[in-house]
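The next block holds one structure in the form of structure tokens; read it before the comments.
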Amino acid sequence: MKTLILNGSPRKNGDTSALISMLMENLFGDVKIVNAYDGRIAPCTDCRACRKVEGCVIHDEMQEVYEYLKTCDNVVIASPVYFSELTGQLLNVASRLQIYYSARYIRKEPQLLSRKKGAVLLAAGGMGDAEKAYQTAVRLLHYMNVHEVFPMVLSANTDKLPACEDMEALIGVKNAAEFLSRL
């Protein structure tokens, strides 16, 4: 079992990281975490080369992500919610999924990736509405050929209750791990 986690949090020990840690404690197999704020992954420049040929002409750490996506079974998107959306840096990384959109819908090629399962882990403070962020994450998972998505795991009001103390969210994360670990 192989799982790719796209982490949109800038904070190493924040609420999103707490949710990821709980997931990893309960997840079987190999896990690769891509930290959107740490990696050297440039956003898509809309050069449109992927409309004509397979892959991306930008050669950076995203090439490793593409290779891992070919063989992984699960994809998890984990992010704080900023203004009802995934973080900007995570969206920059996600923009590089354009190669899959282009292959499928523009070049009309068969799906490049095997079917996968997925989950979305979100942390939101205050009045953060997470529904738009969840919808964006599900759309991104779709481009990575995720067909089964575990219901959103949300740790809300993290400015008052840290995710590591949010029992409902932690139970949701454990259930997500169980879902992802099932063959």
Folded to 0 to 90 degrees: helix 131-143 orientation relative to the chain principal axis, Cα: 40 degrees
Folded to 0 to 90 degrees: helix 15-26 orientation relative to the chain principal axis, Cα: 80 degrees
Rounded to 10°, Cα long-axis angle of helix 62-71 versus longest principal axis of the chain: 80 degrees
For the chain, size of Cβ-based charge dipole, Lys and Arg +1, Asp and Glu -1, in debye: 800 debye
Positive-end residue of VAL149, GLN63, LEU91, charge dipole of the chain with Cβ unit charges: GLN63
Partners for LYS2 among lysines (Cα-Cα distance below 23 Å; same-chain residues under 8 apart left out): LYS12, LYS32, LYS70, LYS116, LYS117, LYS174
Tail fraction, Cα-Cα pairs, segment 2-181, threshold 21 Å, whole percent: 46 percent
Beta bridge orientation in segment 2-181: antiparallel %, DSSP, nearest 5: 5 percent
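If you wrap a convex hull around the Cα atoms of segment 55-137, how much volume per residue is inside, in Å³? Could you put the intermediate results ahead of the total?
Numbers: hull volume 8.5 nm³, N = 83.
Spelled out: Cα convex hull of segment 55-137, divided by residues, is 102 Å³.
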Relative contact order [Cα under 8 Å, 6+ residues apart], segment 2-181, whole percent: 28 percent
Dipole of segment 7-71, positive end: most advanced residue of SER17, ASN35, CYS47 [Cβ charges, Cα centre]: CYS47
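Each value in this text was obtained by applying a stated rule to the coordinates, not by laboratory testing. In this text, all values refer to a predicted model and were calculated from it rather than measured experimentally. Using ideal geometry, Cβ is built from the backbone for each residue, glycine included, and neighbour counts are taken over all protein chains shown.
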